[in-house]
1. Check each of the trypsin sites (Lys or Arg not before Pro) in the range 35-99 and keep only those in coil by DSSP with at most 14 other C-beta atoms within 10 angstrom; list them in order.
2. Can you list residues from other chains, or at least 5 along the same chain, whose modelled amide H is less than 5 Å from the amide H of Ser24?
3. Rounded, prolate or oblate: which one fits the range 1-40, using the alpha carbon gyration tensor with axes a ≥ b ≥ c (rounded when a/c is under 1.5, else prolate when a/b beats b/c, else oblate)?
4. Just subtract the alpha-carbon distance of Phe26 and Lys44 from 0.36 nm times their residue separation and send over the number in nm, one decimal.
Amino acid sequence: MFKDKALGSSYTHYIHLKNALVTSDFQKAKSASESLVIALHKVKGSDKVHTEAAKVAQAGSLDSQRKAFTALSNEMATLVKGADISMGELYLGYCPWPMATPEAIVYPTKRRSATLTSVTRC
């Protein structure tokens with residue numbers, strides 16, 4: 001999906017993290033966020049995303065992980081918005097759980113287009 005393989009790897013870990021939070025799996029979310037932190041070391045311009053991913057990794061509860069994921073999602077959206085993608089399309093989707101604060105989650109689609117489309121946030 002991404003021409004930058006390091007960014008693609010980071011994005012995969014981000015999606016695993018999102019999925020773990022959707023299924024309310026604290027341990028999987030912790031593991032995915034730790035993997036994301038490691039993967040982001042190889043991505044240029046990912047300092048802000050790295051900082052937010054570390055906050056998710058250090059969170060002590062599922063609720064804290066979800067709150068930290070808000071800022072991570074916003075930074076991840078900014079990072080991938082400027083990225084070159086080789087196939088597929090990315091868009092911002094609604095948060096999968098009710099929160100008091102808005103949240104952006106970046107989802108892949110199956111369309112074959114090298115564009116990045118913004119949709120809405122919750």
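1. Counting only loop positions with at most 14 other Cβ atoms within 10 Å, the trypsin sites (Lys or Arg not before Pro) in the range 35-99 are Lys42, Lys44.
2. none
3. Oblate, since a/c reaches 1.5 and b/c is not below a/b.
4. Stretched out fully, the Phe26 to Lys44 stretch lengthens by 3.6 nm.
All of the numbers you see were taken from the coordinates with simple rules; none came from a lab. Note that this is a predicted model, so its numbers are computed, not measured. Heads up, the Cβs are rebuilt from the backbone with ideal geometry, glycines too, and the neighbour counts pull from every protein chain shown.
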